1. What list of ³J(HN,Hα) values in whole Hz, one per residue of the range 58-70 in order, does the Karplus curve 6.51 cos²θ - 1.76 cosθ + 1.60 (θ = phi - 60°) give from phi, with Gly and Pro shown as x?
2. Ratio of the range 114-257's C-alpha Rg to 2.2 N^0.38 Å, to two decimals?
3. Using only helices, what value at 222 nm comes out for the chain when you add -39,500 (n - 2.57) per DSSP H run of length 4 or more and divide by the total residues, to the nearest 500 deg cm²/dmol?
4. Would you please give the residues with an amide H less than 5 Å from that of Ser170, counting only those at least 5 places away or on a separate chain, with H modeled from the backbone geometry?
5. Whose amide H sits under 5 Å from the amide H of Val239, counting only residues 5 or more places off or on another chain, with H placed in the peptide plane?
6. List the residues whose amide H sits under 5 Å from the amide H of Gly157, counting only those 5 or more places along or on another chain, with H placed 1.01 Å from N in the peptide plane.
7. If packing is taken as the average number of other Cβ atoms within 10 Å across a peptide's residues, how do 153-166, 173-186 rank, most packed first?
8. What relative contact order, as a whole-number percentage, does the chain give when Cα pairs under 8 Å and 6 or more residues apart are counted?
Amino acid sequence: TWLKDNSPEPLGSADAYYQIYPKVPVGDNFTYPESAYGVLAWWDYGYWISRIAHRIPNSNPSQDPVAIINVASFFTSQNETAAAEIRQKLSSAYVVIDHETTLSKFWAIITWAGKNTTDYFDTYFVQQKPGQPLQQVILYYPEYYRSMAVRMFNFDGKAVTPDNVLVISSSVNKNNAGQTFKVVTGVQQFATYQEAEAFLASQPSGSYRIAGSGPLKSPVPLEALERYKIVHSSDNYTVSLNDGTTMPSVKIFEYVR
């Protein structure tokens, strides 16, 4: 609804949405006017963008693999330069992200981008106190926080300087069924990312890594995004995270030239 009321008409006129256009011959492409632009969002929401906003989504539930892969690659890009190449190819003027994009659905986005979810986050077991059973937790890796979708939705595209950086050590164990699982064997805390990196470099074993305990507190420094400005946050729908934090369900960013 916000897009419909606050963004330019991509086809030049609001009436264009209701017009019937001549059938395009097989092999030819529809000719878009110079005013046309795309709205980049996960494909689940493509039809909503068409039907409610009357805007052109970069992907939709028709599941065109190329379109979905492009959007997934943008959302998982680790820097703004790589994301810019994809955005330019898609001619995206706006990016719409909801809380599921960076939380419950992020695994699907990683998979469509041709990457491994365990490069971004993983499940561990932690013993809170001696004698107590192991508790299952999700720990997030630097690649998660550096992803464009996370930098935009979780941090509004702003710069982040961490003041508490965790380095975990872990081991791989087996249960009685022969299934492997990761157990946190130690946790080190550092005041800066540089101190944590120096500690990692001094360890002879590869079982140490920087990790974050929640999606909204980055253990790695993040630069402010230069080309994306947040223009809308939903105020009537919020999501409550496990720690009681609430956030807008949907945020919209505009590409700034």
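The values are calculated or read from the model by the stated rules, or taken from the named source; none is laboratory data. Predicted model, so just to flag it, every value in this text is computed and none were measured. Virtual Cβ from ideal backbone geometry, glycine too; neighbours counted across all protein chains shown. Accessible surface areas use protein heavy atoms only, side chains included; no ligands, DNA or RNA. Shrake-Rupley method; radii C 1.70, N 1.55, O 1.52, S 1.80 Å.
1. Calculated HN-Hα couplings, in order: 6, 8, 8, x, 5, 6, 4, x, 5, 5, 5, 5, 4 Hz.
2. Relative to the rule-of-thumb radius for its length, the range 114-257 sits at 1.21.
3. -6000 deg cm²/dmol
4. Amide H neighbours of Ser170: Thr185.
5. Met247, Ser249
6. Close amide H contacts, sequence-distant or interchain: Met152.
7. Top of the packing list down: 153-166, 173-186.
8. 16 percent.
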